[in-house]
1. So what are the radius of gyration and Dmax for the Cα set of the stretch 1-76, in Å?
2. Which ordering of Leu62, Leu71 is given by a fewest-first count of other beta-carbon atoms within 10 Å?
3. Over the stretch 138-201, consider all pairs of different Cα atoms and compute the Kirkwood hydrodynamic radius from their mean reciprocal separation; express it in Å, one decimal.
4. Over the stretch 178-329, what per residue volume does the convex hull of the Cα atoms give, in whole Å³?
5. Working out 0.36 nm times the residue gap between Lys101 and His253, then minus their Cα-Cα distance, what length gain in nm do you get to one decimal?
6. Indicate the gyration tensor shape class of the stretch 1-155 (rounded, prolate or oblate), computed on the Cα atoms with a ≥ b ≥ c the square roots of the eigenvalues: a/c under 1.5 is rounded; otherwise a/b larger than b/c is prolate and the rest oblate.
7. Let me have the relative contact order for the chain, percent, based on Cα pairs under 8 Å that are six or more residues apart.
8. Can you list, largest first and rounded to whole Å, the semi-axes you get for the chain by taking the square root of 5 times each eigenvalue of its Cα gyration tensor?
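Bear in mind these aren't lab numbers, they're just calculated from the coordinates by the rules spelled out. It should be emphasised that the depicted structure is a prediction, and the values quoted were computed from it without experimental measurement. Glycine also receives a Cβ, built like all others from the backbone with ideal geometry; neighbour counts cover every protein chain displayed.
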Amino acid sequence: MTPLARLLLQRIEASGPISLADYMADCLLHPQHGYYATRAPFGAQGDFITAPEISQMFGELLGLCLAQGWLDQGAPSAFTLAELGPGRGTLMADVLRATAKVPGFHAAANICLVEASASLRAVQRATLAGFRVTWYDRAEDLPQAPLFLLANEFFDALPIRQFSREGAGWAETMVGAQKGVLAFGRGAAVAVAALAHRLQATPPGTVVEICPAAPAIIDAISARISALGGLALVIDYGGWISQGDTFQALRAHQFCSPLAAPGEADLTAHVDFEALARAAGCAHAYTSQGALLAALGLHQRAAQLARGLTGTQAQAHQAATRRLTAPEEMGNLFKALALFPQGAPPPAGFA
Ligand code: SAH
């Protein structure tokens, strides 16, 4: 039993079952035992590998997409270049390298990272040495300025609540205790305001999930974009109006039960992009990661990088290109949502 499992069992025995959101928040961000607080989860040695860790092309193309948006909006002379949940800082480093030759972009950019984990902040500081960077705890605290923002695999790490439709109400999935170990249970069916619009189209017995923190984050981003200009690119796995149980745990690249090793496995859920778009007070566009990267020129960039490579390096580069874009790999499972000012044309890659 992990140390966090023991703490959670004590808490449940004292005050009753907890929601998945409370469980997930402790598992990921508990200051002593949380997954992001204690581990270096990314890369081949970690529990999972993310797009920026697969290939530099991901950050290069997204960086140029943001820079193109900045130029299209008249190149505002002071803007926030932000990332939510930057992990090891690889994506931002690739963005900065790719945009170094865009005249005026770096001089106007105020680099702001939203990161909850102190240990990952230290990794990001090392990766981005040489740049002036400011860290924030919450997206809601980002400066009031034009906002050009990236979020890759950030929303999937935010705590979710899960419900099953029962009659005209919703029964919440809870984490309780059974014979001294953590176990899933269901609460009584009640009305849930955040799911009122889902009732009619959801068959009885069907599971749906909500991410309570997401609307306020999207609102904070879209309010800046509407009032001051900007562009946000949110990339994650999930779909439009997601449905079903998507709560999952990954440990050393293997799926395991989300209750098996609290604090020692990565916990995520699919992102419901319709819920994000619904919370946005500005224009939005939606496509797949594969379609977006292809439209931004990934295959041309891949061919250019391939010229210098031979043998296993060439094979790895080819595999990385496929992994990012092929429909049966990340290309279709991962989606991209752009937020941009009402009346502006959709950003590059989304047209
Ligand atoms: N974007 C990176 C890392 C994704 S993992 C990549 O693509 O490689 C999720 C990241 O979000 C981690 O950096 C994690 O510490 C951070 N994070 C998770 N929950 C957070 C929260 N509530 N507030 C701020 N950062 C959070």
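1. My reading of the Cα-based Rg and Dmax gives 19.8, 58 Å.
2. Leu71, Leu62
3. 15.2 Å
4. 185 Å³
5. 51.0 nm
6. Because a/c hits 1.5 or more and a/b exceeds b/c, the stretch 1-155 counts as prolate.
7. With pairs under 8 Å counted, the relative contact order is 20 percent.
8. Ellipsoid half-lengths, sorted descending, are 34, 24, 20 Å.
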